[in-house]
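The values are calculated or read from the model by the stated rules, or taken from the named source; none is laboratory data. Every value quoted in this text rests on a predicted model; they were computed, and no experiment measured them. Positions of Cβ are backbone-derived with ideal geometry, glycine not excepted, and every protein chain shown enters the neighbour counts. With ligands, DNA and RNA removed, areas are computed over all heavy atoms of the protein, side chains included. Shrake-Rupley method; radii C 1.70, N 1.55, O 1.52, S 1.80 Å.
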Amino acid sequence: MKLASLKHGRDGRLVVVSRDLTRYVDASHIAPSLQAALDTWKRSAPRLETLASEVELGSVPTERFREKDCASPLPRAYQWADASAYVNHVDLVRRARGAEMPPEYWTDPLIYQGGSDVFLGPRDPLPLGAEDWGCDMEAEVAVVCGDVRAGADRDQAARSIRLVMLANDLTFRNLIPAELAKGFGFFQSKPPGSFSPVCVTPDELGEAWDGARLHGTMHVNLNGQPFGRAHTGIDMTFDFPTLIAHAARTRALSAGTIVGSGTVSNRGPEGSPGLPVSRGGVGYSCIAEQRMVEILLDGAARTSFLRAGDRVEIEMLDERGRSIFGRIDQTVEA
């Protein structure tokens, strides 16, 4: 089934959305918000699935679904734990700021706890504090978990995955070096990000979900032009069960915890950084990677970080060319 949160108060109003993303039915009589549904998943999920079937059969009245009316599926969450599961991305961005990558990054997941008290809606403007902060998009896959006990193993972690969605995890690249130099992690360099209009249960994804990874092409456009077409199932060094178990090693995770994959990133032939879409490659899911490759190829970065007026689009299509999660479509505002 496909679920969304229409803008309503601080936590949104839960609705069930048709598979083709054209219609919805209110689900607030089952659970007023997605967080409430996750808190009572054993009871709520079967009722939501029944309602989803009724939407497809046309046996309940529906309304037209408009993605612009959506908040992120969880407008705020108890926890946002973001990883760097595509280690090629870590390698490229560290090279961009002249930092070496420790070899253990390939064997031990890298994860940080980000701000989750507010997320932007998928069509909300991207607020830009200052252009010299180096605002960057990051197209990611994210999962929403049920309760996970401390010390959960990989199989238990896999069974905790309730929903899958896309993310635009914003980063102020030029604020990172000074923050990390203090040895205390990200804070000012990670403003609120956004998620796709719709989140999807794993069973709805069919063969695109193998129980651990999402398989599909991450369509990233910048100002209407193809920027990235990386495959989410390739070069993901750490899958979601591994990331969840790592996050839960010393503490329990509450229902509604969001775990992000980090920027989707594919290596090129023979381990090369690949090529931009304009040069025949699959491109990149963030600007920092493209800038790094421009330095390697041309001696200087040509692509600027986001500026006022820029438009970012992130989406994934199924085998028939239909949007799976809806489209993140945001314009940068000064």
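Of a type outside the set (V, I, T), open to solvent by 40 Å² or more (accessible area, probe 1.4 Å) and at pLDDT 95 or above: is that true of P125 in this structure?
Considered against the rule, which asks whether it is of a type outside the set (V, I, T), open to solvent by 40 Å² or more (accessible area, probe 1.4 Å) and at pLDDT 95 or above, P125 comes out as yes.
Residues of the stretch 286-302 being among the β-branched types (V, I, T) and over 19 Å from the mean Cα position of the chain (by Cα), which ones?
Scanning the stretch 286-302 gives V293, I295.
Can V87 be described as over 21 Å from A31 (Cα atoms) and of a type in the set (V, I, T)?
Criteria met by V87.
Going by the conditions given, is G228 surrounded by fewer than 18 Cβ atoms within 10 Å (Cβ to Cβ), touching a strand residue (DSSP E or B) at 6+ places or on another chain (Cβ under 9 Å) and closer than 30 Å to E131 by Cβ?
In short, no.
Checking E333 against (1) farther than 24 Å from D210 by Cα; (2) among the acidic types (D, E); (3) open to solvent by 10 Å² or more (accessible area, probe 1.4 Å); (4) out of contact with any strand residue (DSSP E or B) (no Cβ under 8 Å at 6 or more places or on another chain), which single condition isn't satisfied?
All conditions are met except number (4).
Just name the residue that is most open to solvent (accessible area, probe 1.4 Å) out of those in the stretch 232-270 that are hydrophobic (A, V, I, L, M, F, W, C) and assigned to a loop (DSSP other than H, G, I, E, B).
Looking at residues that are hydrophobic (A, V, I, L, M, F, W, C) and assigned to a loop (DSSP other than H, G, I, E, B), I get I234.
Just to verify a result, which residue in the stretch 182-219, among those that are free of Cβ contacts under 8 Å to residues at least 60 places away in the same chain and in contact with a Leu (Cβ under 6 Å, 6 or more places away or on another chain), is most open to solvent (accessible area, probe 1.4 Å)?
If we take residues in the stretch 182-219 being free of Cβ contacts under 8 Å to residues at least 60 places away in the same chain and in contact with a Leu (Cβ under 6 Å, 6 or more places away or on another chain), then Q188 is most open to solvent (accessible area, probe 1.4 Å).
Please verify whether E319 is part of a loop (DSSP other than H, G, I, E, B), acidic (D, E), surrounded by fewer than 23 Cβ atoms within 10 Å (Cβ to Cβ) and at pLDDT below 95, treating the condition exactly as stated.
Against the criterion (part of a loop (DSSP other than H, G, I, E, B), acidic (D, E), surrounded by fewer than 23 Cβ atoms within 10 Å (Cβ to Cβ) and at pLDDT below 95), E319 qualifies.
If the Cβ limit is 7 Å and pairs must be 6+ apart or interchain, which residue in the stretch 76-102 that is within 30 Å of Q35 (Cβ to Cβ) pairs with which residue that is in a loop (DSSP other than H, G, I, E, B) and of a type in the set (D, E, K, R)?
R76/R10; R76/D11; R76/D117; D82/D169; Y86/D235
Considering only residues that are of a type in the set (D, E, K, R) and surrounded by fewer than 20 Cβ atoms within 10 Å (Cβ to Cβ), look in the stretch 291-309 and name the one that is modelled with the lowest pLDDT.
So, considering only residues that are of a type in the set (D, E, K, R) and surrounded by fewer than 20 Cβ atoms within 10 Å (Cβ to Cβ), the one modelled with the lowest pLDDT is D298.
Let me confirm something: among R94, R13, which residue is of a type in the set (D, E, K, R) and open to solvent by less than 50 Å² (accessible area, probe 1.4 Å)?
R94
Go through (1) in contact (Cβ under 8 Å) with a residue 40 or more places away in the chain; (2) over 18 Å from the mean Cα position of the chain (by Cα); (3) surrounded by 20 or more Cβ atoms within 10 Å (Cβ to Cβ) and name the single condition D69 misses.
With respect to (1) in contact (Cβ under 8 Å) with a residue 40 or more places away in the chain; (2) over 18 Å from the mean Cα position of the chain (by Cα); (3) surrounded by 20 or more Cβ atoms within 10 Å (Cβ to Cβ), D69 is out only on (3).
For (1) under 28 Å from A71 (Cα atoms); (2) crowded, with 19+ Cβ neighbours inside 10 Å, each residue gets a yes or a no:
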| position | (1), (2) |
| --- | --- |
| L120 | yes, yes |
| A130 | yes, no |
| D136 | yes, yes |
| R149 | no, no |
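For the structure I just gave you, tell me whether A288 is part of a helix (DSSP H, G or I), in contact with a Lys or Arg (Cβ under 9 Å, 6 or more places away or on another chain) and open to solvent by less than 20 Å² (accessible area, probe 1.4 Å).
The answer is yes for A288.
Sort out which residues of the stretch 160-181 are open to solvent by 40 Å² or more (accessible area, probe 1.4 Å) and not in a strand (DSSP E or B), and write them in order of number.
N174, L175, P177, A178, L180, A181
Please name all residue pairs, on different chains or six or more residues apart, with Cβ atoms under 8 Å, provided the first residue is in the stretch 40-51 and is of a type in the set (A, V, I, L, M) and the second residue is modelled with pLDDT of 95 or more and assigned to a helix (DSSP H, G or I).
A45/A37; L48/A37
Output yes when any residue across the stretch 107-117 is of a type in the set (V, I, T), under 25 Å from R291 (Cα atoms), open to solvent by 50 Å² or more (accessible area, probe 1.4 Å) and not in a helix (DSSP H, G or I), and no when none is.
Yes; the residues of the stretch 107-117 include at least one that is of a type in the set (V, I, T), under 25 Å from R291 (Cα atoms), open to solvent by 50 Å² or more (accessible area, probe 1.4 Å) and not in a helix (DSSP H, G or I).
Which of (1) without any contact (Cβ under 8 Å) to a residue 60 or more places away in the chain; (2) of a type in the set (K, R); (3) buried (at least 22 other Cβ atoms within 10 Å of the Cβ) does R279 not meet, given it meets every other one?
Only one criterion is unmet by R279, namely (3).
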